[in-house]
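J.: One structure coming up, written as structure tokens, with questions to follow.
The values are calculated or read from the model by the stated rules, or taken from the named source; none is laboratory data. The model shown is predicted, which means the values in this text are computed figures rather than measured ones. Note that each Cβ is placed from the backbone with ideal geometry, even for glycine, and that neighbours are counted across all protein chains shown.
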Amino acid sequence: MKVKLRRFWLFVDRALSQSVLRQTGILALMFLVALLVSFMLLSFSGAEWCEFCECRNLPMWLLPLYLLLDTNALNALYWDVNVHGWMLFASSITYLFGIFIFNGMIIGVITNAIDRRIESHRNGLIHYLKSGHHIIMGYDDMVPSIITDIFERDDDAYILLLTSVESSKITEMLKKSVAKNRLDRIIVNYGHRTAMEYYADIHLESAAEIYVVGNRQTPAHDALNVECVDSICRYLKDGNFQSVPSRITCVFEDYDTYEAFKTSEIFGGLKDLKIDFIPYNFYEGWARQVLVQRKYREKCNPDKVLSYPSIYGNGILPDEKRRVHIVFVGITNLSVAFAKEAAHLLHFPNFEHDNAMKTRITFIDINADKEMPLFITRNRHFFEVQPYIYRDFSESRTSDENMRKEQLSKNINKKGFLDVEFEFIKGDIFSKQIQDEICSWATDGKNQSLSIFITLTDQRRNFIIGMNMPDEVYNNEIPIFIRQDRADSFVTKLRESDLEKHPYNTVVKEKLVKSERRGRYANVYPFGMNDMAYCNEDYAYRRAKLINFLYKNNKTDYSKYKFPDFMVLDVMTDENIWEEANKYWSDLTIALKWSNLYCAYGISTKLAVLRAMRGLSAEDSSRDMDDVSDIEIGELAAVEHNRWNVEKLLMGYRKANEEGVVEDKYLFPQYGTDLQKNKKFQFIHHDIRPFKDLNEVRLLDYEIVKYIPWILKKAGN
């Protein structure tokens, strides 16, 4: 009996704790029981209650209800001379039932309902948004920058944050970085991003777009995000919904995982659903902010955009004897991502006039001899073609005494034809040998455009290195980029305080020379801050889609490698162009999408060269829409192919063997069709070679340059 009673109370307690509806149901049941008991008590009290009802023209069933509901009812009966004895007793019992249920329990239920509603809202258990919203799954320091970007594109947007962290904690964190007027448009809901049972509550299928973020500090972050995207794909396919989100952006913390997704078709289901899958990596995202977009948002003022300097000055002219030289202090995930992005982007026309003018990317690290093999192995096909430089400054030796060029062995005849080279220096950044080397680079402004990136994982050490460079670095206004984990304010304020020019006097040949110079730290810049990580790249995707559209639309003249004539494009409406461009894009493989994207990113460097050739500054965009002349096309076509060579090698393609077992269709054109098949599955590309050695396919490089103004015009900013 006791066990049954305990189970009964367990049932009651669960019912009371689960929902207000069940609480109201129990209250209604108690009311019915009280009404029945009251009716029975009045019936047993005698016939006088029937007479009382007849005298007052009251139905008999209404009196017990009246006693239960009206707190003044007993008082009216008490003073009635016809009411006494058992009827008064029964009425009193009924009155007590009413007091207990309605004056006590109803108030308690209503108060409890309000409290539960407030608690459910604070805990993210109430769902408000049904369509058109932006969903962010998971929370870490990157989320505020994603929110800022969404509101910049749509000021009236609603954002839903799905997280397993307490909603109150998330709300408090958002208050630090999101404007108060925008917090009202952010809904925080509780849920696990990998569990499909939460997707229906947040109306995932009706969202405008989805960001799978997670928390990058967790060890299994990338695996959970992959599982989440896979769950979303299955949910959307099984639900057979009429509409689906336009794109899914997935954050990857591990750089190697991210790189693998550039060539792997792991989410083919999203392709079937016509959903754009956009992988995003913290390190490469920052690389493009600094090298391509050249801007970031200030933490304390998200509406303020601050600019980064150009690491190649005003652009490099075809006959200029100056190379771009980037130095990374520390071999870390961040420096590796920056170095590879720089290798994709930094290609200039002077290389074709002087093959010594290669872009040089230098790593300085005390463990360079151990980190270098991993970097080379990751990019083995690049280093099969291009030698690398290794120098050891860990002992008291000069650079010439311990400098060597090495290359992975491969059956390739022509080597070293790339316009980018890597250098690895072993040694302590504060050692005299390396400090002297940096001094010589900083004072060699005629022959190189130098920039220094300090990318160690220790923020304090980064700051110390950046503040204690040789004087020649500051005096020659070499840009120094200092990795900061969170706040940019300290480095930014140091730079801003030194931007103003002050008198600077020197004596040259016994004569006083007066000039002006900015302060010591006028060229230091913070980068790599966690909470300003995400930067929208819609402009690059629009350009990439148009580039692919031009490739796909040259069917009628494909044998001559020509894009559609401008007259043909002019008669097409923008709506038709974008309809076709989006269709072609959705049919592309991941590898080809990235190929078009890297081509789109490379437009920024070509524009800098065009502006320099036209006598304009690097920031002057007034003539970007002008037609490209034949001379400009001739110079930049080689630049485009050199960029393409590096792109393919870094993405995992390799050059065809030309010795022993020959795979090259250029050497055996009679087997061209059969050898070409090696490209799709073996990633062997026959056009990885110097520009001058190409066949008629080189015409596509001319076309890309020729159509830059058209791409810019159609893609917009």
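J.: Any idea how many residues of the stretch 173-220 are under 18 Å from the mean Cα position of the chain (by Cα) and either under 17 Å from Glu152 (Cβ atoms) or not small (Gly, Ala, Ser) (or both)?
T.: Selection size over the stretch 173-220: 14.
J.: Still on this model: Could you please find all residues in the stretch 217-227 being closer than 19 Å to Phe277 by Cα and either surrounded by fewer than 24 Cβ atoms within 10 Å (Cβ to Cβ) or not assigned by TED's automatic domain parsing to the domain that holds Pro245 (or both)?
T.: Listed by number, the residues that qualify are His221, Asp222, Ala223, Leu224, Val226, Glu227.
J.: Farther than 30 Å from Arg323 by Cβ and without any contact (Cβ under 8 Å) to a residue 24 or more places away in the chain: is that true of Glu696 in this structure?
T.: No, not satisfied.
J.: Given Leu499, Leu494, Leu512, which one is within 33 Å of the chain's Cα centre (by Cα), without any contact (Cβ under 8 Å) to a residue 40 or more places away in the chain and not in a helix (DSSP H, G or I)?
T.: Answer to the selection: Leu499.
J.: Give the stretch 515-554 a look and list any residue that's in a strand (DSSP E or B) and within 16 Å of the chain's Cα centre (by Cα), or say none.
T.: If the condition is that a residue be in a strand (DSSP E or B) and within 16 Å of the chain's Cα centre (by Cα), then Phe527 is the only one that fits.
J.: Please work out if Thr443 is over 35 Å from the mean Cα position of the chain (by Cα) and assigned by TED's automatic domain parsing to the domain that holds Lys340.
T.: yes
J.: Could you list, in sequence order, all residues of the stretch 249-301 that are of a type in the set (Ser, Thr, Tyr) and surrounded by fewer than 18 Cβ atoms within 10 Å (Cβ to Cβ)?
T.: Thr257, Thr263, Ser264
J.: Taking the conditions exactly as written (surrounded by fewer than 20 Cβ atoms within 10 Å (Cβ to Cβ) and either hydroxyl-bearing (Ser, Thr, Tyr) or within 29 Å of the chain's Cα centre (by Cα) (or both)), does Ser595 satisfy them or not?
T.: When the stated conditions are applied, Ser595 does not pass them.
J.: Counting residues that are surrounded by 18 or more Cβ atoms within 10 Å (Cβ to Cβ), which helices (runs of 4 or more DSSP H) fully inside the stretch 638-717 reach at least 3?
T.: 699-706, 708-715
J.: Select from the stretch 147-177 the residues that are in contact with a Ser or Thr (Cβ under 9 Å, 6 or more places away or on another chain), surrounded by fewer than 20 Cβ atoms within 10 Å (Cβ to Cβ) and under 18 Å from Tyr128 (Cβ atoms) and list them in ascending order.
T.: Ile170
J.: Still on this structure: In the stretch 205-213, is there at least one residue being within 30 Å of Tyr653 (Cβ to Cβ) and in contact with a helix residue (DSSP H, G or I) (Cβ under 9 Å, 6 or more places away or on another chain)?
T.: Yes; the residues of the stretch 205-213 include at least one that is within 30 Å of Tyr653 (Cβ to Cβ) and in contact with a helix residue (DSSP H, G or I) (Cβ under 9 Å, 6 or more places away or on another chain).
J.: Do any helices (runs of 4 or more DSSP H) entirely within the stretch 128-225 hold 3 or more residues that are among the polar types (S, T, N, Q) and on the phi < 0 side of the Ramachandran plot, and if so, which?
T.: 167-175
J.: Among the candidates Lys509, Lys493, single out the residue that is at positive phi and either of a type in the set (A, V, I, L, M) or surrounded by fewer than 18 Cβ atoms within 10 Å (Cβ to Cβ) (or both).
T.: Lys509
J.: Within the group Lys274, Lys321, which residue is in contact (Cβ under 8 Å) with a residue 60 or more places away in the chain, under 30 Å from Glu579 (Cβ atoms) and either among the basic types (Lys, Arg) or assigned to a loop (DSSP other than H, G, I, E, B) (or both)?
T.: Criteria check complete, one pass: Lys274.
J.: Report, by residue number, each residue of the stretch 190-224 that is closer than 23 Å to Ala533 by Cβ and touching a residue at least 40 places away in the same chain (Cβ under 8 Å).
T.: Those that are closer than 23 Å to Ala533 by Cβ and touching a residue at least 40 places away in the same chain (Cβ under 8 Å): Arg193, Ala207, Ala208, Glu209, Ile210, Tyr211, Val212, Val213, Gly214, Asn215, Arg216, Gln217.
J.: Would you check if Lys340 is in the same structural domain as Val143 (by TED's automatic domain parsing) and among the basic types (Lys, Arg)?
T.: Taking the combined requirement at face value, the residue does not satisfy it.
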